[in-house]
Amino acid sequence: MPYDPENVFAKILRDEIPSTRVYEDAEFIAIRDVAPAAPTHILVLPRGDGPIGPADLQDADAPWVGRMVVLAARIAREQGLTETGYRLVVNCGRDAGQTVPHLHLHILGGRMLHGLG
Ligand code: AMP
């Protein structure tokens, strides 16, 4: 499936629709989720056209994927989540409930997070 440049995160990355940015650099932006599933719910988005999700990742992507996870941990720390804990989630495809076809990492925290189901 080709990358859809009209997906909502592509539009957010191009500033065509508004978002609440909590972080940005040359590689990533981090925004508040519009429908938060926890008191703190932040999404880390890589810039660029794709990948759609983790299934598209190749070995060559490992360095920036690693940086994305390290960045998420840093944002979680800055949001005061480290002591109580938090969850990092990357959904892939239908059965995971992925709704936006642009790879993104969820940071969830601020309450007790129960099972993964
Ligand atoms: P996923 O289900 O993993 O694809 O996650 C997509 C997330 O994007 C959901 O948690 C949505 O609430 C969130 N979302 C959708 N549209 C927007 C938007 N315009 N701004 C911020 N978050 C959004």
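The values are calculated or read from the model by the stated rules, or taken from the named source; none is laboratory data. Keep in mind that this is a model prediction, so the values were computed, not measured. Positions of Cβ are generated from backbone atoms using ideal geometry, with glycine treated the same way; all protein chains shown enter the neighbour counts. Quick note on the areas: whole protein, heavy atoms, side chains included, nothing else; ligands and nucleic acids left out. Shrake-Rupley method; radii C 1.70, N 1.55, O 1.52, S 1.80 Å.
Annotations for the structure displayed:
- Of all residues in region 22-50, those satisfying the criterion of being outside any strand (DSSP E or B) and either hydrophobic (A, V, I, L, M, F, W, C) or closer than 26 Å to Arg111 by Cα (or both) are Ala26, Asp33, Val34, Ala35, Pro36, Ala37, Ala38, Pro39.
- Among residues of region 72-117 being in contact with a strand residue (DSSP E or B) (Cβ under 6 Å, 6 or more places away or on another chain) and in a helix (DSSP H, G or I), the one that is nearest to Pro39 (Cα to Cα) is Ala76.
- The one condition from (1) touching a residue at least 12 places away in the same chain (Cβ under 8 Å); (2) not in a loop (DSSP other than H, G, I, E, B) that Ser19 does not meet is (2).
- In this structure, Leu81 does satisfy being over 15 Å from the mean Cα position of the chain (by Cα), open to solvent by less than 60 Å² (accessible area, probe 1.4 Å) and either within 16 Å of His106 (Cα to Cα) or basic (Lys, Arg) (or both).
- Meets criteria (modelled with pLDDT of 95 or more and either surrounded by fewer than 15 Cβ atoms within 10 Å (Cβ to Cβ) or over 24 Å from Tyr3 (Cβ atoms) (or both)) for Asp95: yes
- All told, Arg67 meets the bar of being more than 14 Å from the ligand (Cβ to nearest atom) and assigned to a helix (DSSP H, G or I).
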